[in-house]
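In what follows, a single structure is set out as structure tokens and then discussed.
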Amino acid sequence: MNKLSATSQSFVDACSISETELPWLNSLKKCGIEEFSKVGLPTLRNEAWRYTSLKQLERLDWQKVAEDYEVGELSWLTSGDSYKLVIVNGKFNYSLSEISGFPEGAFIGSLSEALGSHSELLETHLGRIATSKDSPLLALNASHMADGYVILLSKVQLTKPIEILNVGRTDGQAIAYHPRNLILLDQLSRATIFERCTGQNTGSYFMNSGTEIFVDQGSHLQHHRIFADGPEAIGVASTGVRVGSDANYTSLVLSDGGKLLRNDVRIHLSASGAETKLGGIYLADDGQHVDHTVLIEHEMPHTKSEQLFKGVLSGKARGVFQGNIRVHEGADGSDGQLTNKTLLLSPGTEVNSKPQLEIYADDVKCSHGSAVGELDEEELFYLRSRGIPYTQAKSILVESFLSEVIDEFNLGELADTFHQRITDWIRAD
Amino acid sequence: MLKINNLHATVDGKEILKGIDLAMGFGEVHAIMGPNGSGKSTLSYVLAGRDGYEVTKGEVLYKGKNLLEMKPEERAGEGVFLAFQYPVELPGVSSMNFLKAAVNAVRKYRGENELDAMDFLKFVRETTKMLNITDDMLKRAVNVGFSGGEKKRNEILQMAVLKPILSVLDETDSGLDVDALRIVGDGVTALRSPHRSMLVITHYQRLLDHIIPDEVHILADGKIVRSGGKELAVELEEKGYSRYTADAA
Ligand SMILES: Nc1ncnc2c1ncn2[C@@H]1O[C@H](COP(=O)(O)OP(=O)(O)OP(=O)(O)O)[C@@H](O)[C@H]1O
Ligand SMILES: [Mg+2]
């Protein structure tokens, strides 16, 4: 067994599993810490982490979230009618959330509440969609699992969107937290979730979230996310999704914040007719490291996946995209498409794009493509020759490059928000 | 208004323009004709300020100012317009937004107030009608999927809304059918005024039937080898360039 790094060891030491009345939960946490103790934090030698180093974690002494932090003003993306969840440093905050009027029989609330009210359902799913074996970070998350949000819908079509705000906030002390979230939709349920991670000040925090999602039996989930963490934040968001028969998981992710972000998504298309459509926009500037890693598992015949990830890097930013479409034996007639394009705005940027296909089935329709380029000199000149100043010309081209991704998704009133973030980012650049 | 003196320019280290002299007054139309590869487009890019075209000798004075010192967008603001031989496609950029950004950028440069969406629409409608440009074309991405003729008409639309003082038309007549040629000819003629000048690069006499030039220049191997009146264009059409390319060689 390898000796753990000091930081890994400190995370192991920080884990105190108090025996609850739920034996299954205890064993889930224990398995998590066992798994994590074996491997520790991933290093570049770990194949899945070849391009993203978590060495930065070793520079600080990460503390648990002890107190309840005051939160500042919250801003919302959805105008009026939405259910609103606020999670501060991984802790569900009921007083700031607005969940009244949630349909009868459905559940929205904190993980700790759901463990009491829906213990059996949680036992069936928690730690099984995204397992501790999937990644060391998920194992670490499982061992520290304390709170997060839970949304349970069965035969429910929500008419209002859910907006989730994950606030990271610390004053001085570097904190680490490991929220675990669960979303279950079955029997023709439908929901739209806008989820955002934001940092409220410039302190250092390490958010290591684990989100498990099961969309089953003809249900549809739209899950759009914005990662806009604070400038000193290190974020690892691991998401495991299982999509069942004739169900659909659609997700557009935009990331522009944080010092380091790893958005790790693994989707199991686990029944015939399961579909997923993923979009990604990553914007990174000097000193930022952004990593979107996606693994799609086509486990059954006639499943479909589509991915379009586009990024713009500037300054000395580093961008990583790893996209893998794995078609399992017997998953005949699967259809998987993957495109990744990165635009480099300055010479100091670095990008690693690794699209992959692993096909063990017959009669599949799969393709992947990856391109890295600079702004087209001819297009820039054309715009400038019409009087449009250089910076505006650049911003027109960057926006049109990224708009293609936004246009693929039905974001409703949120489309403007996504466009605006891009515009603001270019302006700040 | 435009004075080009002994202009030499290189592209990728290769000398393309080898000493061009040309002078144009306000309100004048000059035509440049010349064989393929003689440097016509290179000259137009140098005038518009494209990167990668290095001027190694000579100068260009525009309204008395050193044109070569200005950025492309400043030149446009000052009234220089180039209708591209090969208009550039801008995927994802709607023609309408593009035009509006261009018009407002130039208005701002000229100290005029920017137009809001409504005023802009009114302003553009008059011109699109004249040039037979449909609303559908305005909604589409700039030049993407446009036919050759549509692209050229789109260049003239941009020219018409930007109201340039010096227009350089690089083979705007190539690829146009007879009707489109007339539309473009009318569009250009409508812009003629005592303050506006045009440099029309063409291979054919037919555009010059619509826009009568004051002078015709023949460019061969990076130099103007002959200048004359409009009859020179007719002569070229009949006899070809061979004697000029032979001269130049
Ligand atoms: N990037 C480049 N590197 C080297 N040579 C170049 C480059 N760009 C243009 N040239 C050369 O410069 C010469 C002039 O080209 P230009 O496009 O100006 O010709 P033109 O007179 O406009 O021709 P046409 O009538 O075909 O439009 C050509 O021989 C061309 O091959
Ligand atoms: Mg040419």
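A short reminder: the numbers here are calculations on the coordinates, not readings from a lab. Fair warning: this is a prediction, and the values are worked out from it, not measured in the lab. Ideal geometry is used to build each Cβ from the backbone, glycine not excepted, and the neighbour counts take in all protein chains shown.
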Past 21 Å, Cα to Cα, is the threshold; run A:277/B:139; B:71/B:151; A:38/A:133; A:91/A:155 against it and keep the listed order. A:277/B:139; B:71/B:151; A:91/A:155
Residues of B:74-80, mean number of Cβ from any other protein chain within 10 Å of their own Cβ, rounded to a whole number? 3
So the compactness index of the protein assembly as shown, its C-alpha Rg divided by 2.2 N^0.38 Å, takes the value 1.19
When DSSP assigns beta bridges and you keep just the ones with both residues in chain A, what percent turn out antiparallel, to the nearest 5? 5
Among B:177, A:285, B:12, rank each residue by its count of other Cβ atoms within 10 Å, from fewest to most, as a rough exposure measure. B:12, B:177, A:285
For a quick size check, give me the Cα extents of chain B along its three principal axes, largest first, whole Å. 55, 39, 35
Taking the Cα centre of chain A as origin and charging only Cβ (+1 Lys, Arg; -1 Asp, Glu), how large is the dipole, in debye to the nearest 20? 760
Of the trypsin sites (Lys or Arg not before Pro) in the stretch B:1-85, those whose Cβ has at most 14 other Cβ within 10 Å and which sit in DSSP loop: B:63
Taking N as the number of residues in the stretch B:61-193, what value does Rg over Cα atoms divided by 2.2 N^0.38 Å take? 1.03
Bin by bin, in steps of 10 Å, what percent of the Cα pairs in the stretch A:376-429 do you find, going until the bin that has the longest distance? 24, 45, 27, 5
Can you give the mean number of other chain Cβ atoms that lie within 10 Å of the Cβ atoms in peptide B:104-114? 2
Between the alpha carbon centres of the stretch A:22-47 and the stretch A:291-352 the gap in Å comes to 27
Residue order, fewest to most surrounding Cβ atoms within 10 angstrom, among A:386, B:226: B:226, A:386
So, R0 is 22 Å and r is the distance between the beta-carbons of residue B:113 and residue B:195; what FRET efficiency does that work out to, to 0.05? 0.55
What is the magnitude of the charge dipole of the stretch B:98-216 about its Cα centre, with +1 placed on the Cβ of each Lys and Arg, -1 on the Cβ of each Asp and Glu, and no other charges, expressed in debye to the nearest 20? 380
Inter-label distance, nm, simple model (7 Å from Cα along the C-beta direction), residue A:121/residue A:404: 4.1
Please give the peptides A:364-370, A:33-39, A:84-90, B:201-207 ranked by average Cβ packing (other Cβ atoms within 10 Å per residue), highest first, as a rough proxy for protection. A:84-90, B:201-207, A:33-39, A:364-370
Using just the helices of chain A, give the 222 nm mean residue ellipticity in deg cm²/dmol: DSSP H runs with n ≥ 4 each add -39,500 (n - 2.57), and the total is spread over all residues, rounded to 500. -6500 deg cm²/dmol
Given unit charges at Cβ for Lys, Arg (+) and Asp, Glu (-), the dipole magnitude of chain B about its Cα centre in debye, nearest 20, is 380
Nearest 5 percent is fine: what portion of the DSSP beta bridges confined to the stretch A:271-388 is antiparallel? 0
How many partner chain Cβ atoms sit within 10 Å of a residue's Cβ in peptide B:158-166, on average, as a whole number? 1
At 0.36 nm per residue, minus the direct Cα-Cα distance, what do residue A:217 and residue A:171 gain on full extension? Give it in nm, one decimal, please. 12.1 nm
For an R0 of 35 angstrom, estimate the FRET efficiency from the Cβ-Cβ distance between residue A:22 and residue A:160 and round to the nearest 0.05. 0.65
The simple spin-label model distance between residue B:86 and residue A:68, using points 7 Å out along Cα→Cβ, in nm, is 6.6
Take residue B:23 and residue A:59, extend 7 Å from each Cα along the Cα→Cβ direction, and tell me the distance between the two endpoints in nm. 6.5
Modelled FRET efficiency - R0 45 Å, residue B:182 with residue B:59, Cβ distances, 0.05 increments: 0.75
What helices does chain B have that are whole DSSP H segments, at least 18 Å long along their own axis by Cα, and with mean Kyte-Doolittle hydropathy of 1.0 or more? B:178-191
